[in-house]
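Chemist: Before I ask anything, here is the structure I am working with.
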Amino acid sequence: MTPLPEVDVRLIPEPEGVAAISKQIRVTGRAYPVFDIARLVMKSPDRFLFEYSVRRKEGQVLQPLFVCELDDTLWLSESAAGEHLIRNHFDTFYATEKTPTDPPKGTYTFVAQCGMSGVILGPPNYHDYQQKLVALHQERFARMPFDKFKSRVSIVRDEEVVKKWVDEQSFRTEFTALNVPETIKFANRAEVLDHFRKTHLANVIKSVTTHRLTGKQSQASADGGIRLLARRLIEDQSRFPINVVNTL
């Protein structure tokens, strides 16, 4: 069984959801055992919240928590939160401009392709192959050892895939930083990532000691550890909802 992150988590009834149940009870005039009410709360993710709190040992935080302030997502590492931001909110920070350029010279019969993301990296002997490989790892798979990531890259000889890469190389992509005092342009995503970490990361990713998410947010979290904590707690409280009962 996968070990749980060392984070304290409580399941709390959502006030408006409880108010609706309370109104229903008053209208019917029936008496409900508190455990039955708790189970009514547990039936819908709209009716409960998860409260996550850091756990300490001898004054030291065992597992830090980070919040992405752009979409209120919760993360167990700052790097994972940063990767999420770049993937899902790139256009908030950078404008992408493509201009036509000469296609690659020569004849190509195969290309390398990432087996996890589907990104076509190009022929391994092409001049910018290593740069693209490193940039993709940093952007999407930084938590995975580089050698393991590299082992997931395969050689593809499909004509359509090769043609797609050639078509992609027929444009030059340039990135312009937004929300900064001066116009700054970047020639590749590696430069963009470096700029993002130095300029924006600390402003949009915050370290927290406690944070609440809705039931839906927790169960749909992109952070596997947060999702696991939510799932285990739901399983536990569905059997015996003592957290909910105590709060009610």
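Every number in this text was worked out from the coordinates using simple rules, so none of it is lab data. Not measured: the values here are computed from a predicted model. Cβ sites come from the backbone with ideal geometry, for glycine too, and all protein chains shown count toward neighbours.
Chemist: Where does the chain land at 222 nm, in deg cm²/dmol rounded to the nearest 500, when only DSSP H runs of n ≥ 4 count, each adding -39500 (n - 2.57), divided by all residues?
Modeler: Values: 11 runs with 110 residues, N = 248.
After summing the helix terms and dividing by the residues of the chain, the value is -13000 deg cm²/dmol.
Chemist: Next question. How would you rank 180-191, 22-33, 106-117, highest first, on the average number of other Cβ atoms within 10 Å across their residues?
Modeler: Listed from highest to lowest mean packing, they are 106-117, 180-191, 22-33.
Chemist: Find how much the distance from residue 36 to residue 117 grows on full extension, using 0.36 nm per residue of separation minus their present alpha carbon separation; answer in nm with one decimal.
Modeler: 24.6 nm
Chemist: Right, next: For the chain, find the longest principal axis of its Cα atoms and tell me its angle to the long axis of helix 78-93, 0 to 90°, nearest 10.
Modeler: Once rounded, one gets 70 degrees.
Chemist: Another question, then. Could you grab the Rg to Rh ratio for segment 106-148? Cα atoms only, Kirkwood for Rh.
Modeler: Taking Rh as the inverse mean 1/r over Cα pairs, Rg/Rh reads 0.99.
Chemist: Ok, one more. Please turn the phi angles of segment 19-25 into ³J(HN,Hα) values with the Karplus equation 6.51 cos²θ - 1.76 cosθ + 1.60 (θ = phi - 60°), one per residue in order, whole Hz, x for glycine and proline.
Modeler: Along segment 19-25, the couplings run 4, 5, 5, 4, 4, 4, 5 Hz.
Chemist: I want to check a number: in the chain, how many lysine pairs have alpha carbons closer than 19 Å, given a sequence separation of 8 or more or different chains?
Modeler: 16
Chemist: Let me ask something else. If I histogram all Cα-Cα distances within the chain using bins 5 Å wide from 0, what percent of pairs lands in each bin?
Modeler: The distribution over the chain is 1, 5, 11, 12, 12, 12, 10, 9, 8, 7, 5, 4, 2, 1, 0, 0, 0, given as percents.
Chemist: What's the magnitude of the charge dipole for segment 88-203 around its Cα centre, counting Lys and Arg as +1 and Asp and Glu as -1 at the beta-carbon? Answer in Debye, nearest 20.
Modeler: Computed about the Cα centre, the dipole is about 400 debye.
Chemist: Let me ask you something else. Of all the Cα-Cα pairs you can form in segment 88-203, what percent are over 16 Å apart?
Modeler: Numbers: 4318 of 6670 pairs.
Roughly 65 percent, once rounded to a whole number.
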